[in-house]
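Take a look at the structure set out below.
The values are calculated or read from the model by the stated rules, or taken from the named source; none is laboratory data. Quantities reported herein were computed from a predicted structural model and do not represent experimental measurements. Glycine gets a Cβ as well: all are built from the backbone with ideal geometry, and neighbour counts include every protein chain shown.
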Amino acid sequence: MDSNVALLIGQMEIIAALIVIGFAEQKLRLFDSSLIDSFSSVISKLILPLMLITVIGSISRAELFGSWKFFVCSVVCYIIIITISKLTAVFLGPVEPKRSMHALLMCFGNSGFIGIPLIVSMFPASSGIAAASFSLVESSLYWVFGPLLINSGGEKKGIDWKKVITPLTISVLLGFAVVLLNLDFSGMVLWDTMKDVGGTSKYFASIYIGMSIGRMGFRKLLSNMRVFLAAPFKLVVFPVLAFLLFGKTGILSGDMLTMFVVLFATPAGMTLPILSKIAGMDGEYSSAGCMASTILCLVTMPLVIWLTTLF
C-alpha cells in the first residue's frame, strides 16, 4: 500500500484546496445559507446519483457477483463498529441526548461526499464494485440503526423506512439493474454526459463541505470540544480495525482492501444534523463533530493507509 499513501496524499491535497475555496466563498458572502442548501441538493440529488449509476453500471456482471465478500465485510464491520460506538459513548460521551449523537459521530461516515468520490479518483477501474456494495450497506444501516441509536429524553425514536429510499440508494439500484441486465451504454451521448457530470462530484462536494464549515462557524466547535473524543475512533481506530479484521485475515486484499479502509476512514457524515432534528436537538453538537472530523481527516486518512503498511 506504499504507493497508495502518496496517491491518497495527492487526493487529500486537492480536497483540502477545494474545502478552502468553499470556506472562502461562504465567508465572502458569495453564497448565502439558502444557496448553500440548494447547492447541496444539486450534489446529493443529481451529481452523486449520476456518479453512482455510471460507476456501478460500468462494471461487469461477473465482477458484481464476485463482490459478495466486500458486501458481507461491510455489513459485519458496520455492526461491530455500531456496537463499539454505542458502548464507548456511555463512558466518553456527554449526557443524553448528545450521548446518542456522540455514538453516531463515531460510526457513520461521509462516504457519499468524500469516500466514494475519493476511491473513484484513486481506482477508476475497480471502484464501482466497492461503491455499489458500500453505498447500499451504509445507506440502509444509517436510516435503520441511526434512529434506533437516538435517545432523546429517554424516548427512543422509531425507524422511518421512507428515509431508506433516497436518490443515492435509488441510483445504486439502477446501477445494479444496468449490470444485471447486461446493458452497455458506453459511447452513447447521454451515458457519457451522465458520467462526465458524475465525475465532478469530488470537486463540488468538497467545495460544499468548505461552505458548510464556514456556515457552521468555529464557535460551535469551541463550545463542543468533547466531539474530539469521537474523532480518533471514527478516523483511526475503526479503519485500522477494519484492516486487521478483513485484511490481515486475507478476506480482502489489494485495491479492494485499500478502498474498504478508505471508506471506513471518512469523517462523520454531513447528514447527521438531520438525525439531530429527529431527536429534537438543535444540531449544534453533530455539526461540531462533522466539522472536527472533516478537518482532521485531511491528515488521518493518509496516516491510516500508512499505518496499514506497518502491520
> Within the range 19-32, which residues are out of contact with any Lys or Arg (no Cβ under 8 Å at 6 or more places or on another chain) and of a type outside the set (G, A, S)?
Replying inline: I19, V20, I21, F23, E25, K27, L28, R29, L30, F31, D32
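Using the structure shown, decide if V55 is farther than 19 Å from G269 by Cα and crowded, with 24+ Cβ neighbours inside 10 Å. Show your work before the answer.
Details: farther than 19 Å from G269 by Cα: yes; crowded, with 24+ Cβ neighbours inside 10 Å: yes.
So V55 fits the description; yes.
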>> If I go through the range 1-29 residue by residue, how many of them are of a type in the set (G, A, S) and either crowded, with 19+ Cβ neighbours inside 10 Å or closer than 12 Å to W306 by Cβ (or both)?
In response: 3
>> Just to be sure I understand, how many residues within the range 87-137 are over 23 Å from S212 (Cβ atoms), within 16 Å of the chain's Cα centre (by Cα) and not aliphatic (A, V, I, L, M)?
In response: 3
>> Return the residues of the range 62-84 that are touching a residue at least 60 places away in the same chain (Cβ under 8 Å) and more than 30 Å from L7 (Cα to Cα); say none if nothing qualifies.
In response: I84
>> What are the pairs with Cβ atoms under 6 angstrom where one residue, in the range 176-200, is farther than 22 Å from A62 by Cβ and the other, located anywhere, is hydroxyl-bearing (S, T, Y)? Sequence gap at least six, or different chains.
In response: M194/T54; G198/T54
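Looking at the range 12-44 only, could you name the residues that are within 23 Å of V261 (Cβ to Cβ) and either basic (K, R) or in contact with a Leu (Cβ under 6 Å, 6 or more places away or on another chain) (or both)? Write out each step before concluding.
Within the range 12-44, the subset within 23 Å of V261 (Cβ to Cβ) is 12-16, 18-19.
Scanning the range 12-44 gives M12, A16.
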>> Residue under question is L52, and the condition is that it be modelled with pLDDT of 90 or more, in a loop (DSSP other than H, G, I, E, B) and at negative phi; does it hold?
In response: no
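Among the residues of the range 121-138, what is the count of those that are surrounded by fewer than 20 Cβ atoms within 10 Å (Cβ to Cβ) and in contact (Cβ under 8 Å) with a residue 24 or more places away in the chain? Break it down into steps so the answer makes sense when it comes.
Going through the range 121-138, the residues surrounded by fewer than 20 Cβ atoms within 10 Å (Cβ to Cβ) turn out to be 121-122, 124-126.
Cutting the leftovers down to in contact (Cβ under 8 Å) with a residue 24 or more places away in the chain gives us 121-122, 126.
So the answer is 3.
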>> Can you name every one of the helices (runs of 4 or more DSSP H) wholly within the range 174-277 that holds 3 or more residues which are surrounded by 14 or more Cβ atoms within 10 Å (Cβ to Cβ) and β-branched (V, I, T)?
In response: 201-216, 254-264
>> Quick check on my filter: what residues within the range 148-189 are of a type in the set (F, W, Y) and at pLDDT below 65?
In response: W161
> E13 fails exactly one of the following numbered conditions: (1) at pLDDT below 90; (2) acidic (D, E); (3) closer than 26 Å to I213 by Cα. What is the number of that condition?
Replying inline: (1)
> Any residue at all in the range 273-288 that is of a type in the set (A, V, I, L, M, F, W, C) and at pLDDT 95 or above?
Replying inline: no
>> Being in contact (Cβ under 8 Å) with a residue 24 or more places away in the chain, touching a Ser or Thr at 6+ places or on another chain (Cβ under 9 Å) and either within 23 Å of N224 (Cα to Cα) or hydroxyl-bearing (S, T, Y) (or both) is true for just one of L118, L149. Which residue is that?
In response: L149
> Is it the case that the range 231-249 has a residue that's among the hydrophobic types (A, V, I, L, M, F, W, C) and at pLDDT below 90?
Replying inline: no
> Taking interchain pairs and intrachain pairs at least six residues apart, which have beta carbon atoms under 6 angstrom, with the first residue in the range 234-255 and more than 23 Å from L104 (Cβ to Cβ) and the second of a type in the set (F, W, Y) and surrounded by 18 or more Cβ atoms within 10 Å (Cβ to Cβ)?
Replying inline: L252/F246; L252/F260; D255/F123
